[in-house]
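Asker: This structure is in structure tokens; I'll ask about it shortly.
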Amino acid sequence: MSDSFSLPLRPVSEKRERPDPLPVEIAQINAQYGSFRDVTEDSLRAKIEADKNKDPWADEEESDKASVDEDTTERLDQLYKRRAAINQFAHQAHMEAMFALDFVSLLLSKHTPRQAEMSMSAYLKQVAPLGSLNAEIVSPPPKPDSAATDIKTVSRGWRMQNFNAAANKLLDSANRLETEVTSETKYWNEVLAVKEKGWKVCRLPRERQALGVQYGFLEATPIFRDRGLAALRRTNDGSLILDKGLVPPKARTVRVRVRSRSQITGCSKRRPASDNAESVESRILQARDTVYEEELFHELVREARILGSQGVTTRQNLVQFPVSKEQEVLLDLVDDDQGSLFEDEGVSSHEHDVVADALAHGIRILLAHAHRQNLRRRTQPPPPLVPKRRQTPEYQLLRPVMAYLQHSSQVRWLESLFKDIHQVLKSAGITWDFTATPFSSLSLKRANNELPKVETLVQEFLLPYESTFAGQLVAPQSSFRVKVRTNVTSPPFGTHYEISVHMPQYPDVRPPNRIGLQDEAAFVLTHFVLLDILTSITQAKRSPLNGSKQETDRRLTWDTAYPHSGELLALSSTGLCKKMKVSLSRHELTVQVYSVGRIDALDPSPADQTPAMRSQTWKLDGTPGQCSLMDFVAEVSKE
Amino acid sequence: MHELLLFASVPAHQHHELLQQLAGLTAMQPCHRLERRLIFKAYRKPGLINTRVGASQDLQGNEMQRLNKMLNGGMFYTQVVGSLSEADFGAQSSAVPSGDPDAPMSGIVPGEKNETHSYTYENQPWKLEFRDIPEAGTRSAVTTRLMASASLPKGDIMTPMNAWGYSFVTEYVVEGDIFILNDIVIFLHRVLHYPTESPESHGPRRQLPSFQQMSPLERTGSYILQASITVQDGGNQEMMKTASQHLFGLREQLKSAVRLEQADRLSLDTRAK
């Protein structure tokens, strides 16, 4: 519409051709201010000022102000008085109306007596007989011209005033409409900007005339899904505000902390604050993140409740679970702004910040995965309707994370155990090696064409974890294999060690089927290595290290006496009996050799042939220059 | 199991729009479905003696009673459904044609097309679907019928079906899209006919013609919208009521787009006379 079209709304006020005659003005001044002597410029100015400042309602306000000061009893008193006055006025009005009615009735009773009688008061009926009053039309005397012109002028003035008022109103509403249009335009532009960013804009289901933006997650639990919709409201100046209803507008986030030995050693990073916090876009983003975080925490608590048997505890706003003996993970929901206050409080080191961050990302990825699973479940043909409601199982958020942490801590422990033993044996000159395959169960290349790649990737981490350790033992043909399995989704819960050993020398020695405790596993493993060392000592004779044939012949032959306590016996050709005790722990290998005595007691032992108890210990750090175990054995084997 | 149904006819020009609307309503992408459906008719095998007709003083055992009921009960048409993919149409049969002169098409070197895609009749999975005639005299405005489904062995279905006393009648293809809304399965589909061949075959086709050759049963190309809910226990009145309420809810939601209504009972008659 072109804005060139304009319509004069105000009435054109004509300048009066002929000014008022002076005598009239003088008469008016005399009537208004009295004698001309009193009218000075100053008094007139003062009057104009006073008129300007005076408010038409000033009188009433003044009396109101006065009444404010009065105390309550007076006010109550005044209230009653005023009420009485109102009543009085009403009565008076009523009475006057009744008089008027009586009068008209009496007048009419001449012509229609029956009807008029009905509206007459009883008193009037008694006092005046019906039809005693008559009326006649009299022609009024003609009004003087001056009166006619007066009336004309007054009505003209009234009309002018009304036109003016109407014009003002129209112009006002035009203004109002204009501002309304600009603000509407602003609003809709912002709505369009929101829509162009890719947000879903729709009508609110419960409030059909309002617009809303959907930022939530369709696959979330219903309460959180429904919270993912907020109204886009317009303020008076047309800017857009995001109305989330009763939900507090605070941004909240799930914080992950790692506690080692009752000291916080790691805390996940806060979300970086948006640089433009006031824009609608960032508000929507913040609302979306908050609803995601709250759902995440809700699901964490829900899952934590069923994991009570596995050491997970919940407080009002805290979920914590143990990783190892001295480490635990704490998850809580904090306000974003509060996070900055608490960030440095109680955090003694940033050693595990990476772990905490990884956990924080991990649980979020897992929730997204759970959402995808929900979509999958929702779009499958449903099972037939049964009276029992299907309930959604708890999402796997904590469990994979716990399993991973537990598993990796167990695997690291086992690896360190093996490394220690390896080190001890190495210092004793025995080569013993193992290969560790941590997380051998994860195969990220496993192809599954039915599922999208992202889902297959996450799916891998929901399966039980398994790591394998394998290696050859010292004795030929002996080997061992340890499988570490961690499963927190289905029983048996926790981490288990499956040890299988192939030892041809001890075919009937079998490790326990499934070992759950670290100490036990360590004990079993060292025991097998010990048995293996014993075997290699007994076999050492058959494969001499570097001795000549004569030397070999003079050596004692060691036989295992009590393999499970690490004892060997050797019987020399002279009948002297030697006992060797081998003990192995993760820190050291000790070999002690005693002379037990002669079996043939008749022959006194030569002094030089009774060696004192000899012992040799190989430590973890491997003192250089120590002889090897085999050398030691070879030495003590000499007769 | 019982099945509650509502139907609507969707003209071809509305099809695309309705797909969009349904996708919005159910918040999911349409799941395209192609199914070949074989119709089988039950028949009484000749030579079957109806034991103990008339007054027998013997008390029939439970088992016997059930067997008799099964043998002498009503005869029904049943459907065998096999799902297909678009690529199955017009694909060369990979099965070695044995004594079937129609199978190899002239001009095509065997094995050349096999690399792209092949339709193997022997690997076609099947599902048996039984539908009873809709219940009569129900006052609610939904079609209710007894139903049962069972999966069948893959491949040649004629032999087992014949052994169970069913003879092949005809086959057709159903093409459409499925949406899921809570418990309701919404199937927007149409029936396609195979191109008429001169020799009337007496068994399911071992290979499929190209998809373009398929002609819709309804010449105008209109679709059928079928909304269904299955209920595990048809005797549970409360469940049936909930299910029909769900359907009515859907009917209200789709009111401005299509009119969902009950189907004519006799047109869904599956009894074999």
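Residues are listed down the side, and each one gets a yes or a no for (1) among the hydrophobic types (A, V, I, L, M, F, W, C); (2) touching a strand residue (DSSP E or B) at 6+ places or on another chain (Cβ under 7 Å); (3) part of a helix (DSSP H, G or I); (4) farther than 30 Å from A:Arg10 by Cβ:
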| position | (1), (2), (3), (4) |
| --- | --- |
| A:Phe103 | yes, no, yes, yes |
| A:Ala116 | yes, no, yes, yes |
| A:Gln126 | no, no, yes, yes |
| A:Ser132 | no, no, no, yes |
| A:Glu136 | no, no, no, yes |
| A:Pro140 | no, no, no, yes |
| A:Trp158 | yes, no, yes, no |
| A:Gln161 | no, no, yes, no |
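Asker: Right, A:Gly212: among the small types (Gly, Ala, Ser) and modelled with pLDDT of 85 or more or not?
Answerer: Values: among the small types (Gly, Ala, Ser): yes; modelled with pLDDT of 85 or more: yes.
Considered against the rule, which asks whether it is among the small types (Gly, Ala, Ser) and modelled with pLDDT of 85 or more, A:Gly212 comes out as yes.
Asker: Output the residue which, of all residues in segment B:179-236 that are of a type in the set (D, E, K, R) and within 16 Å of B:Ala8 (Cβ to Cβ), is nearest to the other protein chains (Cβ to nearest Cβ). Working first, answer last.
Answerer: From segment B:179-236, those of a type in the set (D, E, K, R) are B:183, B:190, B:197, B:200, B:205-206, B:218-219, B:233; that's our starting set.
Then keep just the ones that are within 16 Å of B:Ala8 (Cβ to Cβ); that gives B:190, B:218.
Details: B:Arg190: 20, B:Glu218: 25 Å.
So the residue we want is B:Arg190.
Asker: In segment A:292-311, which residues are among the hydrophobic types (A, V, I, L, M, F, W, C) and over 20 Å from the mean Cα position of the chain (by Cα)?
Answerer: Looking only at segment A:292-311, we keep the residues that are among the hydrophobic types (A, V, I, L, M, F, W, C), and these are A:296-297, A:300-301, A:304, A:306-307.
If the condition is that a residue be among the hydrophobic types (A, V, I, L, M, F, W, C) and over 20 Å from the mean Cα position of the chain (by Cα), then A:Ile306, A:Leu307 are the ones that fit.
Asker: From A:Ser132, A:Ser139, A:Ser146, which residue is among the hydroxyl-bearing types (Ser, Thr, Tyr) and surrounded by 10 or more Cβ atoms within 10 Å (Cβ to Cβ)? Full working, then the answer.
Answerer: Working: A:Ser139 fails: surrounded by 10 or more Cβ atoms within 10 Å (Cβ to Cβ); A:Ser146 fails: surrounded by 10 or more Cβ atoms within 10 Å (Cβ to Cβ).
Going through A:Ser132, A:Ser139, A:Ser146 in turn, the sole match is A:Ser132.
Asker: Let me ask another. Given A:Leu106, A:Leu133, which one is modelled with pLDDT of 85 or more and hydrophobic (A, V, I, L, M, F, W, C)?
Answerer: Values: A:Leu133 fails: modelled with pLDDT of 85 or more.
A:Leu106 is the lone residue from the list that is modelled with pLDDT of 85 or more and hydrophobic (A, V, I, L, M, F, W, C).
Asker: Something else: Which condition breaks for B:Lys241 when tested against (1) charged (D, E, K, R); (2) within 14 Å of chain A (Cβ to nearest Cβ); (3) closer than 15 Å to B:Pro11 by Cα?
Answerer: Status for B:Lys241: all satisfied but (3).
Asker: Could you check, for segment A:498-514, whether at least one of its residues is under 41 Å from the mean Cα position of the chain (by Cα) and over 30 Å from A:Leu375 (Cα atoms)?
Answerer: yes
Asker: Just one of (1) within 14 Å of another protein chain (Cβ to nearest Cβ); (2) touching a helix residue (DSSP H, G or I) at 6+ places or on another chain (Cβ under 8 Å) trips up A:Lys388, so point out which.
Answerer: So the condition that A:Lys388 fails would be (2).
Asker: Of all residues in segment A:491-521 being surrounded by fewer than 17 Cβ atoms within 10 Å (Cβ to Cβ) and of a type in the set (A, V, I, L, M), which is nearest to A:Gln477 (Cα to Cα)?
Answerer: Step by step, filter segment A:491-521, then rank; the result is A:Val509.
Asker: Counting only residues that are surrounded by fewer than 16 Cβ atoms within 10 Å (Cβ to Cβ), among the small types (Gly, Ala, Ser) and part of a loop (DSSP other than H, G, I, E, B), how many does segment B:254-271 have?
Answerer: Qualifying residue count for the region: 1.
Asker: On to the next question. Does A:Ser548 satisfy the criteria of being exposed (fewer than 15 other Cβ atoms within 10 Å of the Cβ), touching a Leu at 6+ places or on another chain (Cβ under 9 Å) and modelled with pLDDT under 70? Give the derivation first.
Answerer: On the way: exposed (fewer than 15 other Cβ atoms within 10 Å of the Cβ): yes; touching a Leu at 6+ places or on another chain (Cβ under 9 Å): no; modelled with pLDDT under 70: yes.
Against the criterion (exposed (fewer than 15 other Cβ atoms within 10 Å of the Cβ), touching a Leu at 6+ places or on another chain (Cβ under 9 Å) and modelled with pLDDT under 70), A:Ser548 does not qualify.
Asker: Being of a type outside the set (A, V, I, L, M), more than 10 Å from chain B (Cβ to nearest Cβ), at negative phi and free of Cβ contacts under 8 Å to residues at least 12 places away in the same chain is the requirement here; does A:Arg399 meet it? Working first, answer last.
Answerer: Details: of a type outside the set (A, V, I, L, M): yes; more than 10 Å from chain B (Cβ to nearest Cβ): yes; at negative phi: yes; free of Cβ contacts under 8 Å to residues at least 12 places away in the same chain: no.
So A:Arg399 does not fit the description; no.
Asker: Taking segment A:152-165 only, how many residues are among the small types (Gly, Ala, Ser) and in contact (Cβ under 8 Å) with a residue 12 or more places away in the chain?
Answerer: Just the residues of segment A:152-165 that are among the small types (Gly, Ala, Ser), to begin with: A:155, A:157, A:165.
From what is left, the residues that are in contact (Cβ under 8 Å) with a residue 12 or more places away in the chain are none.
Within segment A:152-165, residues that are among the small types (Gly, Ala, Ser) and in contact (Cβ under 8 Å) with a residue 12 or more places away in the chain number 0.
Asker: Could you say which residue among A:Asp357, A:Asp433, A:Asp420 is surrounded by fewer than 18 Cβ atoms within 10 Å (Cβ to Cβ) and in the same structural domain as A:Glu328 (by TED's automatic domain parsing)? Explain how you work it out, then say what you get.
Answerer: Numbers: A:Asp433 fails: in the same structural domain as A:Glu328 (by TED's automatic domain parsing); A:Asp420 fails: in the same structural domain as A:Glu328 (by TED's automatic domain parsing).
Going through A:Asp357, A:Asp433, A:Asp420 in turn, the sole match is A:Asp357.
Asker: How about segment A:380-409: which of its residues are among the hydroxyl-bearing types (Ser, Thr, Tyr) and not assigned by TED's automatic domain parsing to the domain that holds A:Phe469?
Answerer: We begin by selecting, within segment A:380-409, every residue among the hydroxyl-bearing types (Ser, Thr, Tyr); these are A:392, A:395, A:404, A:408-409.
Result: A:Thr392, A:Tyr395.
The values are calculated or read from the model by the stated rules, or taken from the named source; none is laboratory data. None of these values were measured; they are calculated from a predicted model. Positions of Cβ are backbone-derived with ideal geometry, glycine not excepted, and every protein chain shown enters the neighbour counts.
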